[in-house]
Amino acid sequence: MVLVVILFIGFFWISIHLIDLKLNFQTLIPFRQRFFMGFLMTLMISIGSLGVSLLIGLVAAITQECKVLFIRYISLAYVHIIRGTPLLVQIYFFYYIIGTAWGMDNRYIAGILILSMFEGAYIAEIIRGGIQSIERQKYEIALSLGLSSVQTFRFVTFPLVLSRILPALAGQFSSIIKDSSLLSVIAVIELTQTTQEVSADNFRMFENYIFVGFLYFLLTFSVSILSRYLERRFQYERRA
């Protein structure tokens with residue numbers, strides 16, 4: 001890992017010298033408060049979107065197996081339409097058309113809802129795949145032990161599904177963090193929008209975006225570490 005980091009930094013440093021780019025990160029110091037507020041807003045939007053998208057994804061995953069055809073097709077249409085169109089298009093469509101039609105003036109709430117709708121479609125497929133991956137024998141064993149449906153969900157379905165989808169969910173949360181940068185197109189003052197405003201003030205675009213890229217990396221890398229910790233702990237508890 002250390003060798004990879006050294007090689008990456010070395011390649012980056014050589015590239016900077018080849019184009020004779022002079023970086024001065026001290027120009028960011030006067031704007032540290034604005035960067036902090038943008039970072040905090042990105043974190044809040046990401047956490048809010050994660051909670052709502054998990055709920056949407058769970059409902060969509062369950063309703064795709066619903067015996068009522070109308071409900072099943074609505075869920076399938078939602079997943080395919082959302083997954084088949086770019087997030088940027090959805091942001092413009094839902095905010096400027098749907099949001100305007102229904103009086104949604106709060107850009108932050110609208111941004112969280114739009115991001116949640118987009119990520120929820122992917123989470124629905126993750127959850128559905130996790131449920132379908134459980135072997136039928138597991139349910140037969142639970143039935144032979146006399147477990148009720150609630151007990152089967154608590155002791156069999158939920159632990160197995162969670163252990164199998166946790167890595168994918170962690171990756172999806174990292175995507176939420178990165179995708180939140182697109183909310184800058186509707187003037188949500190998160191980290192990317194803050195960087196654009198600071199760049200207009202100090203004219204140090206490279207320093208600003210390198211620093212912001214590092215902040216995004218900190219967030220996504222922290223999610224990765226937390227995910228691996230939860231995986232190890234969860235598997236240990238299952239063995240215990």
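The values are calculated or read from the model by the stated rules, or taken from the named source; none is laboratory data. Predicted, not measured: the structure shown is a model, and the values here were computed from it. Virtual Cβ from ideal backbone geometry, glycine too; neighbours counted across all protein chains shown.
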Consider only pairs whose beta carbons are under 6 Å apart and that are at least six residues apart or on different chains; among these, list those whose first residue lies in the stretch 219-234 and is at pLDDT 80 or above and whose second residue is part of a helix (DSSP H, G or I) and surrounded by 15 or more Cβ atoms within 10 Å (Cβ to Cβ).
Leu219/Ile177; Thr220/Ser174; Thr220/Ile177; Val223/Ala170; Val223/Phe173; Val223/Ser174; Ser227/Ala170
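Any idea how many residues of the stretch 189-203 are within 17 Å of Gln33 (Cα to Cα) and either touching a strand residue (DSSP E or B) at 6+ places or on another chain (Cβ under 8 Å) or not in a helix (DSSP H, G or I) (or both)?
The number of residues fulfilling the criteria is 2.
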What tally of residues in the stretch 171-186 results from selecting those that are of a type outside the set (Val, Ile, Thr) and within 11 Å of Thr220 (Cβ to Cβ)?
5
Part of a helix (DSSP H, G or I), among the acidic types (Asp, Glu) and under 30 Å from Leu88 (Cα atoms) - does that describe any residue in the stretch 213-232?
no
Residues satisfying the stated conditions in the stretch 198-207, i.e. in contact (Cβ under 8 Å) with a residue 40 or more places away in the chain and surrounded by 16 or more Cβ atoms within 10 Å (Cβ to Cβ)
Val198, Arg204, Glu207
I'd like to check something: does the stretch 174-188 contain any residue that is part of a helix (DSSP H, G or I), without any contact (Cβ under 8 Å) to a residue 12 or more places away in the chain and surrounded by fewer than 19 Cβ atoms within 10 Å (Cβ to Cβ)?
no
What is the residue count in the stretch 138-163 for residues that are in a helix (DSSP H, G or I) and either in contact with a His (Cβ under 7 Å, 6 or more places away or on another chain) or surrounded by 16 or more Cβ atoms within 10 Å (Cβ to Cβ) (or both)?
8
Is it true that some residue in the stretch 136-153 is out of contact with any Leu (no Cβ under 9 Å at 6 or more places or on another chain), aromatic (Phe, Trp, Tyr) and within 30 Å of Gln26 (Cα to Cα)?
no
